[in-house]
Amino acid sequence: MFPKEFQYASPRSVQETVQLLNRFGTEAKILAGGQSLIPLMKLRIASPKYLIDINRIRDLEYVRESGEFLLIGALTRHHTLERSELVKDKVPILSETASSIGDPQVRNLGTIGGSIVHSDPAGDWGATMIALRASFNVKSLRGERSLDSDHIFSDTLTSSLSPDELLTEISIPIPPRDRSGGAYEKFERKVGDFATVGAAVQITLDKAKKAFEKIGIGLTSVAPTSMRARRAEESLLGRDVTLANLDEAATIASEEARPIDDVLRGSAEFKRAMTKVFLKRALIKAAGRAGVIEIE
Amino acid sequence: MAVATFFGARVNRREDPRLVTGNGLYTADVVLPNMVHAAFLRSPYAHARIKSINTEKAKALPGVIVVVTGKDIASKLNPVPCAWQLTNAEIKVPKYYPLEIDKVRYVGDPVAVVVAETPYQAADALEAIEVEYEPLQAVVDQESACKPDAPLLYDNDVPNNLAFHWKISSGDVSRAFAEAEVTVKERLVNQRLLPTAIEPRGALAQYNPSKDELTVWITSQNPHVHRLLLSLMTGIPEHKIRVISQDVGGGFGSKIPCYGPEAVVVLLAKELLLPVKWIEDRRENYVSTIHGRDHVEYVELAGKFDGTITGIKVITYANLGAWLSTAAPGVPTILFGTMLSGPYKIKNLECEVFGVLTNTTAVDAYRGAGRPEATFILERIVDIFARKINMDPSEVRIKNFIPRDAFPYTTPTGLTYDSGDYEGTLRRALEISGYKDLREEQAARLKSFLQESTETGKRKRTKEKLIGIGLSSYVEVCGLGPSSIVRSTGFALGLWESATVRVHPSGKVSVFTGGHPHGQGEETTFAQIVASELGVNLEDVEVVHGDTDKVPFGMGTYGSRTTPVAGGAIVFACRKIKEKARKIAAHLLEAREDDIVFDSGRFYVRGSPGTAKTLAEVAWASYGAGSSELPSGLEPGLENTTFYDPPNFVFPFGTHVCVVEVDTETGQVKIKKYVAVDDCGKQINPMIVEGQVHGGIAQGVAQALWEAAVYDKDGNLVTSTLSDYAVPTAYELPSYETASTETPSPHHPLGIKGVGETGTIASTPAVVNAVCDALSNFGVKNIDMPLVPEKIWRILSSSSPRLESPSSTTSPS
Ligand SMILES: Cc1cc2nc3c(=O)[nH]c(=O)nc-3n(C[C@H](O)[C@H](O)[C@H](O)COP(=O)(O)OP(=O)(O)OC[C@H]3O[C@@H](n4cnc5c(N)ncnc54)[C@H](O)[C@@H]3O)c2cc1C
């Protein structure tokens, strides 16, 4: 478990970072929490020639409220998002998602930005970002752009960033306080494991708290990337919060899902069935948190 | 005085401050000047011919000192020895070399070694070695491997890949089955496990040319055995090798064997005149350090409708992997077949074991070694039997237990159980767990589950969780073991243990034990024994182990032997010291020896406790050795070396009760309650006993629910990292309720029995019995471990539950 030789840089600013990225391009890798990259380097699956360590860039690590958005620096640790009072108050599903990731050591170092750029379909952040309709601010020497949650993941372990781009900020629309709710349900073999399946749900109800006004559903580990359950979302939009409707949506999502067989975490068939179970559980929880007292 | 209570006191483990503050000294921590680093190139194929190896490019890389292949050292190292060559089993021990020469036999088989200045350079050089392989068909499962058309690992040296065929029988099994009112049979699989010591293996060897001596720091459970086997492999005389193994980060059996690469490191250090270090990484550990279990069993039980078990028949296919590791042949035979009647008075017993080589990592002793496998099939088949005759599993057990007044009890396989009260532990366990209430709750839950299912019209769409209750009663043979018995089974050495107890002139005591505790707590319990025997303070006793230059030849730590056997040696050494000290005290007090009383570390003349000599004063006199100090004819000094060969094994026992809840939507199993009642005789330190029981249960539960070493059909280990192999954490495990009864071993000087493996032995079947119990109304008889959610979900979603009792659907066979 010894990585290949590499050159190391430790820039102090975003500007310096994008210059380095511009210069070394495809031969360089950003080092954030290192919780995905370092294992890959030790296994020699990844062998970047240049490692650009962004951990000293203080102004990439923050959570703050700005108007209708919660802004999160790309270098913000899972642990921070798990514990932050601001997060728990404004977008509690973020805290719930963070707490389901790995173990305390991983959460202390791993970052939300690293997780998203790593684009592992088994990563927990992806589903929650989809459910929340987050957007992603990306910088390079060429300029700045914003990607939405439908376009950030391109393929398994591949984000839509170019090699010279740095993810700097994640922006999350803050849901209305009194009639929205979110939930992340993760099914894992044991604590700290990657998800067998995971379901993130963020809903907003109408004023009467009877029907779905807005809904986002993201799924973990059931497709080549974190997946938006589009048809399931559509099936609920504008409809009443009833058990039958939730059940139907969960069924639709399990049909939309494209899981694969794996020896350790289960067959595709099982994962489909579990998608349904856990999405339904997440929907029930989210509805409860949005203020539905009893679902019939 | 307080000291007298040291035996039996909950003294904190004295090794813990060192270990938990990072001050342990493990093999990887040892750093020597000019040290260089070895790395092994391991086969990516499970079975292939080595056509050529080109090391030129690797040799030319910066920092590389040498690159060596199997061919290069073929004449310098002997094959890896197998130390348990069974008698009467037609055993065939293939020649397995430390580096393979013309063929590889499993993924991870070493073919070459690089030595470089840094571990990074060594890793780079591995990538530059070019090996041309001709892949051969691989065989990974034992039942296929011994079929006539299977690919052969060692050609005609081991026909049919059958390393041995071992049998044991007693009574009249055919008659028992012919006359049986009921028979049950089942195919049970005891899956392969990865021992997963947190510290991987490694070695550091340094040759001192001025003394022509080698020092080897190594991850070992038995430093003297390692020294002997390294000497056999390298030809370096035993007295020229010093093996040191200070702290060992877990072994669970995997650090008993001597492995090829360890001998290669020793050889390289001698040839290069440089200290050579090699430390496994986790992947290397998973593919090249021995695995455990891996049995396929065909089990049959004969019995009567009143619950009496009359006979048992077992055919076992034991997967031994690609070579016969040090103790491998004894594990699925001697340590397994002899224990198949367990705590029951079964007279008719037959067991046949096929020891099969396959293209996988070798299998050897893993915590419990053979005894968990035996207990698993026995406790599973007893439950299956109980269900078939519609009798409560606790009653079937009680009906068949060897009664407490029948000890010493000779089993049909020839062992003599020293003492026991099996029914006692079972009744305690039922009482603590509230067994009767649990059964009622279970029935109520099932009823509401069935109601809810039918009411909604959508069967199984219910939140109700099913409850299952599982029992497991066991008896374990441990404290290995009386040498003449062990030798008669083909083991290469006796299994006595050594101890030197040295009272220094100041009265401080050093204990040198041939056992090699590595986490089990004997640095504490042995000090407690000595403090109690000699009446000295605990702090004044030092326990030394793990260095062949300090300790007399010893057999090491495994088989729950250290406390009973090494502890026994220490007791006798202390008692001999006391005898001599008494003579000296009598001389000092000008009294007759017979009149000297020894109490709490003080010697005095009977009736005058006011004038006493402490052990320290006696020790001082023994080293002073002037005529006023030492009686004439007595040698100076105060120490003793004892080699204790136990007259028998010891047999701890107990009953565990596991209560599980099964989520009917997902198939997830949650342990709601776990009660363990164990009896390991007298307890030196109940806290340490509980610690051993807790850890043991965790490991056994892990096998039942999560862990499995998985190979694909080409022989790749799919679970080769810690993110694939599911070792549970504290979060998954329940809070255990432990209790004990105390039935001393009558033949042991302290009445103690081993307790290092009991938890692992008992817990696996308790959990599986509980889950099968929860699902019994779904027509489930058995589910193969690990009981992962998908397997249970499949049962729940494919079969309909039924409420009728099983007896009404079965008829006598
Ligand atoms: C034992 C263990 C268990 C884990 N369990 C889970 C789990 O249950 N759920 C889960 O979701 N994850 C899990 N992870 C992964 C963990 O969450 C990682 O922290 C995360 O995936 C990557 O974040 P990082 O900050 O560590 O990124 P790094 O490893 O540093 O980087 C990952 C990738 O992203 C790139 N990158 C990082 N930051 C940026 C940026 N700002 N701009 C552009 N590129 C960037 C890097 O170049 C690299 O390619 C686990 C990891 C471990 C080691």
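Just so you know, all these numbers are worked out from the coordinates, no wet-lab data involved. The shown structure was predicted, so the numbers you read here are calculated from the model rather than taken from an experiment. Note: ideal-geometry Cβ built from the backbone for every residue, glycine included; neighbour counts use all protein chains shown.
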Bins of 20 Å from zero: percent of alpha-carbon pairs in the protein assembly as shown
11, 36, 36, 15, 2, 0
Share (percent) of C-alpha pair distances in the range B:657-813 greater than 24 Å works out to 47
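With the convex hull built on the Cα atoms of chain B, state its orientation-averaged projected area in nm².
Seen from a random direction, the Cα hull of chain B projects 37.4 nm² on average.
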Beta bridge orientation in the range A:165-296: antiparallel %, DSSP, nearest 5:
95
Where in the range B:95-157 are there trypsin sites (Lys or Arg not before Pro) that are in a DSSP coil and have at most 16 other Cβ atoms within 10 angstrom of their Cβ?
B:LYS95
Calculate the tail of P(r) for the range B:37-192: the fraction of all Cα-Cα distances greater than 21 Å, expressed in %.
60
With +1 at each Lys and Arg Cβ and -1 at each Asp and Glu Cβ, the charge dipole magnitude of the range A:7-53 around its Cα centre, to the nearest 20 debye, comes out at 140
Return the ratio Rg/(2.2 N^0.38 Å) for the range A:68-185, where Rg is computed over Cα atoms only.
1.01
Global geometry of the range B:475-549, whether rounded, prolate or oblate, following the gyration tensor of its Cα atoms and the 1.5 cut on a/c:
prolate
For B:GLU737 and A:LYS49, extending 7 Å from Cα along the Cα-Cβ vector and measuring point to point gives, in nm, a value of 6.6
Alpha-carbon radius of gyration plus Dmax, which is the widest Cα pair, for the range A:253-296 in Å
13.5, 40
If you average 1/r across every pair of different Cα atoms in the range B:560-654 and take the reciprocal, what Kirkwood value do you get, in Å?
14.7
Rg [Å, one decimal], Dmax [Å, integer] - the range A:7-53, C-alpha atoms
10.5, 31
Loop-only trypsin sites (Lys or Arg not before Pro) in the range A:116-199, please: DSSP not H, G, I, E or B, and at most 11 other Cβ atoms within 10 Å.
A:ARG142, A:ARG177
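Could you compute the net charge surrounding A:ASP261? Neighbours are other residues with a C-beta less than 9 Å from the C-beta of A:ASP261; K and R count +1, D and E count -1.
Values: positive: A:LYS271; negative: A:ASP262, A:GLU269.
Its environment carries a net charge of -1.
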What helix-only [θ] at 222 nm does chain B give? Using -39500 (n - 2.57) per DSSP H run of at least 4, over all residues, to the nearest 500, the answer is -8500 deg cm²/dmol
In whole Hz and in residue order, list the ³J(HN,Hα) couplings for the range B:145-162 that follow from phi through the Karplus curve 6.51 cos²θ - 1.76 cosθ + 1.60, θ = phi - 60°; x for Gly and Pro.
5, 9, 7, x, 8, 6, x, 9, 6, 10, 6, 7, 5, 10, x, 6, 6, 8
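Could you give me D for chain A, from Stokes-Einstein at 4 °C and 1.567 mPa s, where the hydrodynamic radius is the Kirkwood radius over C-alpha pairs? Units µm² s⁻¹, please.
Roughly 67 µm²/s, to the nearest whole number.
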Return, for the Cα atoms of the range A:180-290, the radius of gyration and Dmax in Å, separated by a comma.
13.5, 47
In whole percent, what relative contact order does chain B give with Cα contacts below 8 Å and a gap of six or more residues?
16
Helix-only [θ]222 nm of chain A, DSSP H runs n ≥ 4, -39500 (n - 2.57) each, per residue, nearest 500:
-10000 deg cm²/dmol
Could you list the trypsin sites (Lys or Arg not before Pro) in the range B:148-214 that lie in coil according to DSSP, counting only those with at most 12 other Cβ atoms within 10 Å of their Cβ?
B:LYS211
